Amino acid sequence: MERLTNRSKIVVNKQMTLAEKMYLPAIANGMVITLKHLFKKPATISYPEEKRYIAPVYRGQHVLKRDEAGAERCTACGLCAVSCPAEAITMTAAERRKGDEKLYREEKYAAVYEINMLRCIFCGLCEEACPKEAIFLTDRIVDVSGNREDMIYGKDKLTEPMAADKRIDVSVRQTQEVLDFKQNKAFGHNRTHLDLAKYIQQKNHH
Amino acid sequence: MLTQYAFYFLSILAIFSALMVVFSRNPVHSVLYLVVTFFSIAGHYFLMNSQFLAMVHIIVYAGAIMVLFLYVIMMLNLNTDTEPNKSNWVKGAAVVTGGLMMLILVVSTKSADQLPIQKALNPNIGLISNLGKVLYNEYMLPFEVSSILFLVSMVGAVMLGKKETY
Amino acid sequence: MSSELLFYKLGMVLFVFAASMVVALYSTYGERKIAAFLQDRIGPNRAGPFGLLQPLADGIKMFMKEEMLPEASSKWLFVLGPCLAMMVALTTGVVIPWAKPIMLDGQPFHFQVSDINIGILYVFGVVSIGVYGIMIGGWASNNKFALLGALRASSQMISYELAMGLSIVALVMTTGTLSVNEIVAQQDAGICNFVYQPLGFLIFLICAFAETNRAPFDLPECESELVGGYHTEYSSMKLGFYLFAEYINMFISSAIISCLYFGGYNFPFAHEMEGILGENMVRVLGFGFLFAKIFGFIFLFMWVRWTLPRFRYDQLMNLGWKVLLPLSILNIVLTGLFLMRNELLDLIIK
Ligand code: SF4
Ligand code: SF4
């Protein structure tokens with residue numbers, strides 16, 4: 001058979017030589033290899049004291065943002081849940097009642113919003129899908145837990161605190177470029193049905 | 001003084017454990033008691049200043065043979081429940097053989113004082129260098145013959161253990 | 001027996017006991033650290049500085065664990081098993097000469113519990129008893145996996161005892177004595193027995209690995225894959241005893257290897273240094289050198305463990321019976337020929 005590449009090796013079932021049968025040279029070889037590792041720098045670190053570098057755009061625990069006045073931005077449209085490849089997000093929508101305008105920016109809001117952190121793969125697609133700039137991934141690391149129930153994060157853990165000094169900064173992820181990108185109607189996924197209608201009109205006009 | 005106490009202690013231990021070998025219902029316990037017996041006998045050898053014999057006794061009997069015994073008994077999984085009741089015929093045979101054994105023992109101990117006592121034995125004969133010299137000079141032939149015996153039995157064991165291919 | 005002698009012997013026994021315990025204790029720590037370093041990790045570093053209190057933490061953990069006695073097992077034997085393993089491991093150290101006798105007021109102060117003139121046989125006898133701890137424990141567990149583990153372990157130990165004994169026979173032929181003390185003293189001249197018995201040393205070393213149930217011969221335990229071997233049913237400190245006995249065995253066999261093949265407390269240029277430092281100082285140094293050798297071998301044990309994979313069981317048996325046993329017999333024959341070379345030459349010339 002013709003060889004396709006010159007990297008392939010022909011396997012032979014040859015008898016071992018006497019030296020190989022004694023195994024001692026091979027053992028000595030292996031021992032030298034492990035001995036070399038004795039003097040190598042450890043690949044691990046003492047974690048809680050030492051921390052590795054984390055990229056500023058690291059995708060960790062989510063946050064549900066509030067607007068400047070402190071009202072929740074999320075309108076429970078469900079786009080994040082639809083876009084989530086891991087099906088980690090569930091929510092229950094509710095209508096905003098009178099007097100709650102300070103709490104919820106939109107007329108409809110998420111009464112329950114849960115992300116299962118055991119399912120989430122931290123891909124960031126929910127953030128990308130959100131039309132209201134409500135959900136963001138942050139560089140916080142999700143804490144471990146001894147049971148599964150604790151890993152389902154509800155609104156209590158996800159929404160950012162109201163106090164101005166405790167707000168969670170997402171400016172590293174929500175840069176001007178990102179905002180511009182989201183406004184760019186040249187990308188199909190940024191167009192709403194209104195944009196689409198405008199687009200069709202323009203086409204007919206031509 | 002101390003050796004005397006040791007002698008009594010070891011003797012009682014040896015006799016007790018030897019009896020327990022016979023009386024315990026569980027074969028594994030029997031084997032373990034037998035090991036204790038061997039140890040106390042090895043202790044006797046020590047008292048007689050033949051350390052070599054004592055050590056070899058422990059290595060060969062307690063360390064090798066009894067381990068194999070234990071091995072086989074554990075594999076067979078004998079316990080008190082599976083032990084079948086002996087028929088009267090077997091019991092009778094056991095009584096007769098035991099009685100005969102007793103008779104021989106009594107007769108031989110009674111006539112023991114008539115035996116010529118070999119006095120001039122070197123008290124240090126048990127030390128390994130002396131023992132080696134005696135074995136390889138005076139008792140060369142019996143020693144070698146017994147080793148041939150061992151060889152033959154070893155070959156026999158290997159033959160038995162081989163797969164039958166003919 | 002005078003009370004002075006009694007006290008002295010008791011002191012020596014205590015010393016051997018303490019040394020075995022402490023070294024074994026810190027071998028567990030060393031094992032974990034060395035394993036970590038060989039695998040580019042850091043290893044235990046939480047308990048105390050550099051994790052030095054880790055062995056204590058482990059011990060406390062072992063004691064606090066729930067004690068379990070299998071319902072249908074034979075209770076006495078179940079407890080006897082680990083005790084026996086521990087006892088046998090601790091009694092071997094008796095015949096090891098830890099240092100040359102140190103002179104105090106003209107009185108030689110021997111650093112050995114007992115100089116039996118058949119020391120090697122004693123070691124061998126005790127080792128052969130070691131099987132019982134495992135067998136009894138495995139059987140008394142009343143668990144078929146434990147029983148199979150015990151059988152596996154004991155047949156391994158019996159098999160390798162043979163080759164070990166035969167490799168010692170060759171050593172005894174060259175040294176002409178069975179006393180460990182004398183064998184060490186003979187290596188005073190600077191040439192250690194390793195030079196005369198390289199093959200014997202290799203066989204002895206391999207068998208020592210097998211006898212202590214260390215990797216690559218750790219089939220009795222198989223921590224990583226099987227049902228745990230003979231100590232499946234054991235928990236708490238009874239399990240701790242078994243595990244700890246293994247470390248003591250490792251220490252003692254390192255000590256015996258150093259004494260038999262590497263000159264024990266002797267070290268190069270000892271005689272030259274005696275003039276400068278004085279006799280006693282050199283002997284204390286020798287004590288240190290013996291321990292350095294022992295630690296070297298303990299390191300070797302661990303190094304091998306974290307390098308080599310485990311044998312398959314048939315390979316293990318083949319190695320023991322078909323390779324090591326014939327090799328050790330060959331070694332005996334070669335040693336015999338070497339010792340009788342002058343007579344043989346005479347015979348040929350005639
Ligand atoms: S987070 Fe965004 S995408 Fe998800 S439901 Fe709320 S508004 Fe919609
Ligand atoms: S980061 Fe990805 S997986 Fe996690 S919730 Fe958002 S979309 Fe789902």
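Read-outs: derived from the displayed coordinates by stated rules, not from any lab. Because the structure is a prediction, the values reported are computed rather than measured. Don't worry about glycine lacking a Cβ; one is built from the backbone with ideal geometry, like all the others, and counts go over all protein chains shown.
Assorted remarks:
- Neighbours of residue C:246 by Cβ distance under 12 Å: Lys/Arg scored +1, Asp/Glu scored -1, total -3.
- Semi-axis lengths, Å, the stretch A:62-164, gyration tensor of Cα atoms, sqrt of 5 times eigenvalues: 22, 15, 13
- Three-way shape label, the stretch C:257-350, alpha-carbon gyration tensor, a/c 1.5: oblate
- Ignoring lysines fewer than eight residues from residue B:162 along the same chain, the ones with Cα atoms less than 23 angstrom from its Cα are C:322.
- Seen against the Cα atoms of chain A and their longest principal axis, helix A:193-205 is set at about 80 degrees.
- With 19 Å as the limit, the listed pairs A:132/A:185; A:65/A:182; B:133/C:350 have B:133/C:350 beyond it between alpha carbons.
- As a length-normalised measure over Cα pairs under 8 Å and 6 or more apart, the relative contact order of the stretch B:1-79 settles at 30 percent.
- Inter-probe distance in nm under a simple model that places probes 7 Å from Cα toward Cβ, at residue A:10 and residue B:87: 7.4
- Estimated FRET transfer efficiency (residue B:136, residue C:321; beta-carbon r; R0 25 Å; 0.05): 0.30
- Put simply, the stretch B:1-79 fits an ellipsoid with semi-axes of 26, 16, 5 Å; these come from the alpha carbon gyration tensor as the roots of five times its eigenvalues, largest first.
- Unpartnered cysteines - no second Cys beta carbon under 4.7 Å - across the protein assembly as shown: A:74, A:77, A:84, A:120, A:123, A:130, C:83, C:192, C:207, C:222, C:259
- Mean projected area of the convex hull spanned by the Cα atoms of the stretch C:1-75, taken over all viewing directions: 9.4 nm².
- The mean number of Cβ atoms from other chains found within 10 Å of a Cβ in peptide C:233-244 is 0, as a whole number.
- Taking only the Cα atoms of the stretch A:102-145, the ratio Rg/Rh comes out at 1.00, with Rh defined as the Kirkwood radius.
- Counting only residues at least eight positions apart within a chain, or on another chain, the lysines with an alpha carbon under 18 Å from that of residue C:33 are A:36, A:40, A:41.
- Peptide ranges A:121-129, B:140-148, C:209-217 listed from the most packed, as the mean C-beta count within 10 angstrom indicates: C:209-217, A:121-129, B:140-148
- Rg(Cα)/(2.2 N^0.38 Å) for the stretch C:12-138, N = residue count: 1.38
- Taken as Cα centroids, the stretch C:67-103 and the stretch B:20-75 sit 18 Å apart, rounded to the nearest whole angstrom.
- Volume per residue of the convex hull around the Cα atoms, evaluated for chain B, comes out as 204 Å³.
- Most mobile of B:103, B:135, B:47 in a GNM of chain B (Cα contacts under 10 Å): B:103
- Degrees between helix A:24-38 axis and first principal axis of chain A (Cα, 0 to 90, nearest 10): 40
- Think of each Lys and Arg Cβ as +1 and each Asp and Glu Cβ as -1; about the Cα centre, that makes the dipole of the stretch A:59-138 roughly 120 debye.
- Using C-alpha pairs below 8 Å separated by at least 6 residues, the relative contact order for the stretch C:56-113 is 20 percent.
- Label zone (residue A:144, point 7 Å along Cα-to-C-beta; backbone nitrogen cut-off 17 Å) within the stretch A:95-136: A:117-119.
- Once Rg and the Kirkwood radius are both taken over the C-alpha atoms of chain C, their ratio Rg/Rh works out to 1.00.
- All alpha carbon pair distances within the protein assembly as shown were sorted into 20 Å bins beginning at 0; the resulting P(r) in whole percents reads 12, 34, 25, 16, 10, 3, 0, 0.
- Relative contact order (percent, whole number), the stretch C:3-349, Cα cutoff 8 Å, 6+ residue spacing: 23
- C-alpha long axis of helix C:54-64 to longest principal axis of chain C, angle in °: 50
- Cα-centred dipole magnitude for the protein assembly as shown, charges only on beta-carbon of K, R (+1) and D, E (-1), debye, nearest 20: 1640
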